[in-house]
Amino acid sequence: MRIAVIAGDGIGKDVTAEAVKVLDAVAEASGRPIGFEHLPWGADHYLKTGETLPSGGYDRLRTFDAVFVGALGDPRVPDNRHARDILLGTRFELDLYVNYRPVRLLADRLCPLKDRGRKDVNFTVFRENTEGVYVGVGGRFKAGTPDEVAIQEEINTYKGVYRIIRHAFEHATARGLTKVCMADKSNAMQQGHALWQRVFREVAAEYPSISATHQYIDALAMFLVRDPGQYEVIVTNNLFGDIITDIGGALQGGLGMAASGNIHPGRTSLFEPVHGSAPPLAGKDVANPMGAILSAALMLDTLGRRDDAAAVEAAVEAAIAAGQTTTDIGGALGTRAVGDWIAERVRHQS
């Protein structure tokens, strides 16, 4: 197994080191090697060379089994063009149409909701990852003047909507789940989201054993904080998925706990923690590495190493139960010590 590693910026470097440490422990315990190639792409590289990705960078990424990214974003690059090219560019160029974000609470005490616990926070969000308003179609006219006009277009195609909705139903079927909810804003965005309505009905009809429901995105956001236990699988567009998965991250203990994958089934895919680069915290040994470590587990599971993924998840749960965590979730350890504890637990469990 060959993994490209892009640690990126800020705390991305800190948490990626711990995720790689845990993956090394997995390889040692299982006897199945994992090879890493560390790519220097990020703000430092861009400021030094003027290059976001080298020529042929996307083709190079395709040669790996997976890509692991820490976090991207640096105030020294105000427009974050390096982050846009590395992260959004890879999503588009490698056609990583599935943004896969499991939301699973690992300890009752981490949930911010009153009288809610692990049984209530256990669902998955599938966000369409290559269309919507993030495609960058639009422009600005008379920018910087009182007459400025800004246009940002949302793109929805039958192909793009169909394949993400189909993936959500297939995921539910494979895991014995019975509920899929699609969220849109078709009452206000009557053209693009009429397509989501049509495709959802079309695909849902092929899965009669699954309860297929629809909610407007604003209502779904409200219900996520009132009664998250009603959801098993949620599927939605790029923008709405970006927003509600941050709500999901809060429900599971904060963004430091949230993992994600950017996936094209059967092809090279990219995995990353949900949180940002938090430059003021970089190098201070305070960032929570669990989101990165759980993203590594998600990567292992996607690549077929389900036993190894389960071992990593169990080690993270054990760390939380034992209080061996960073301060954001009630512990007293630094980033590196948490990584050490989880890596050792992986070796011990195996």
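The values are calculated or read from the model by the stated rules, or taken from the named source; none is laboratory data. Remember, predicted model here, so these are calculated numbers, not experimental data. Because the Cβ atoms are built from the backbone with ideal geometry, glycine has one as well, and the counts that use them run over all protein chains shown.
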Completion exercise
Flagged pairs (Cβ under 6 angstrom, 6 or more apart or on separate chains; first in the range 129-157, in contact (Cβ under 8 Å) with a residue 24 or more places away in the chain; second of a type in the set (Phe, Trp, Tyr)) are 129/97; 130/92; 130/97
Handout entry: Matching residues in the range 1-51 - criterion: being under 17 Å from residue 310 (Cα atoms), buried (at least 17 other Cβ atoms within 10 Å of the Cβ) and not aliphatic (A, V, I, L, M)
Key = 21
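Answer with yes or no whether residue 187 is of a type in the set (S, T, N, Q) and either in contact with a Lys or Arg (Cβ under 8 Å, 6 or more places away or on another chain) or crowded, with 20+ Cβ neighbours inside 10 Å (or both).
On the way: of a type in the set (S, T, N, Q): yes; either in contact with a Lys or Arg (Cβ under 8 Å, 6 or more places away or on another chain) or crowded, with 20+ Cβ neighbours inside 10 Å (or both): no.
Considered against the rule, which asks whether it is of a type in the set (S, T, N, Q) and either in contact with a Lys or Arg (Cβ under 8 Å, 6 or more places away or on another chain) or crowded, with 20+ Cβ neighbours inside 10 Å (or both), residue 187 comes out as no.
Among the candidates 35, 8, which residue alone is on the phi > 0 side of the Ramachandran plot and assigned by TED's automatic domain parsing to the domain that holds residue 312?
Working: 35 fails: on the phi > 0 side of the Ramachandran plot.
Exactly one of 35, 8 is on the phi > 0 side of the Ramachandran plot and assigned by TED's automatic domain parsing to the domain that holds residue 312, namely 8.
Going residue by residue through the range 132-141, is there one that turns out to be in contact with a His (Cβ under 7 Å, 6 or more places away or on another chain) and in a strand (DSSP E or B)? I'd like the intermediate steps shown before the answer.
Start the filter on the range 132-141 by keeping residues that are in contact with a His (Cβ under 7 Å, 6 or more places away or on another chain), which leaves none.
Taking every residue of the range 132-141 in turn, none turns out to be in contact with a His (Cβ under 7 Å, 6 or more places away or on another chain) and in a strand (DSSP E or B).
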Completion exercise
Over the range 80-113, the set of residues assigned to a loop (DSSP other than H, G, I, E, B) and of a type outside the set (Asp, Glu) is 80, 94, 96, 97, 105, 106, 107, 111, 112, 113
Completion exercise
Residues of the range 25-79 being outside any helix (DSSP H, G or I), of a type in the set (Lys, Arg) and under 19 Å from residue 13 (Cβ atoms), in sequence order, are 76
Fill in the blank from the handout: The one condition residue 189 fails out of (1) more than 25 Å from residue 88 (Cα to Cα); (2) without any contact (Cβ under 8 Å) to a residue 40 or more places away in the chain is (1)
